[in-house]
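Report on the following structure.
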Amino acid sequence: MTTQPVIATPPPATRRFPDTPKADLQNLRHLNNAGYIPVISRHLGAPDTTAVLSEFPIGWQVTGDRRGLQSPDLLIAFNVETATIIAHNGYAIDYHGKPPDFVLEIASRRTARHDETGKRDGYAAFGVPEYWRFDDTGGLFYSVSLAGDRLVDGRYEPIPVREVSHARHWGYSPALNLYLCWEYGHLRWYDPAAERYLPTHDQEANARRAAEAQLDAERAARLALEAELRRLQNP
């Protein structure tokens with residue numbers, strides 16, 4: 001008698017979430033191209049336990065079923081296992097024992113209505129403490145250019161967003177201790193402790209090149225001075 005091998009079903013901790021659709025243009029423009037994901041990760045520190053990820057679905061458990069999942073453009077979670085989120089291809093609330101601390105959606109014509117209704121309800125049901133929305137059109141897709149919600153007794157209440165000057169709107173995120181900024185249609189992040197904006201990838205690269213150029217100039221000046229001193233000492 002021949003028996004067939006039994007293939008055990010992997011436990012939830014080793015299964016993966018389904019792949020999500022590719023990021024749309026708005027996500028690429030305001031997060032990926034600006035390099036804000038690694039910039040925010042470096043700013044917050046502890047990358048092994050502070051997850052800063054884009055387009056990873058959130059659900060109660062690891063599952064191959066898309067139903068009941070929400071996929072934010074940006075999720076940030078403290079005191080979690082970042083490597084496990086990546087291995088699962090998503091954020092399992094049951095596994096980590098808590099929802100993400102912060103989620104952000106970036107408006108597009110395709111997703112805007114759902115972001116303000118179904119996704120808002122879904123994130124509240126998951127217990128996500130902060131839910132933010134950014135619309136580079138200034139309110140063509142969403143009802144406002146920048147909005148944030150804070151979970152209070154299981155329901156979202158608006159976080160104040162103020163107009164600091166013409167075409168500049170700021171809202172403070174208690175979860176991140178950062179201001180989210182809508183500035184002339186661009187997403188920016190302001191650190192009130194350091195009193196400066198977080199740099200984009202290009203700004204970081206330009207600053208690094210400028211610092212390297214300054215070091216090269218100082219080195220060249222030092223070598224020239226040393227050469228001149230040798231010449232004077234050995235006429």
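For the list (1) of a type in the set (A, V, I, L, M); (2) surrounded by fewer than 17 Cβ atoms within 10 Å (Cβ to Cβ); (3) at pLDDT 80 or above, I need the number of the one condition that VAL6 fails.
Only one criterion in (1) of a type in the set (A, V, I, L, M); (2) surrounded by fewer than 17 Cβ atoms within 10 Å (Cβ to Cβ); (3) at pLDDT 80 or above is unmet by VAL6, namely (3).
Given the conditions (1) assigned to a helix (DSSP H, G or I); (2) modelled with pLDDT of 95 or more; (3) among the small types (Gly, Ala, Ser), which single one is not true for ALA210?
(2)
So the check is Cβ under 9 Å with 6+ separation or different chains; which pairs have a first residue in region 139-156 that's on the phi > 0 side of the Ramachandran plot and a second one that's part of a loop (DSSP other than H, G, I, E, B)?
Going by the 9 Å Cβ cut-off, the qualifying pairs are GLY139/SER145; GLY154/GLY127.
Sort out which residues of region 59-80 are aliphatic (A, V, I, L, M) and modelled with pLDDT of 95 or more, and write them in order of number.
LEU74, LEU75, ILE76, ALA77, VAL80
Kindly establish whether PHE141 is assigned by TED's automatic domain parsing to the domain that holds ARG188 and farther than 16 Å from GLY185 by Cβ.
no
Please enumerate the residues belonging to region 30-49 that are over 18 Å from THR84 (Cα atoms) and among the small types (Gly, Ala, Ser).
ALA34, GLY35
The values are calculated or read from the model by the stated rules, or taken from the named source; none is laboratory data. Owing to the predicted nature of the structure, the values given are computational and were not obtained by experimental measurement. With ideal geometry, Cβ positions are generated from the backbone for all residues, glycine too; neighbour counts draw on all protein chains shown.
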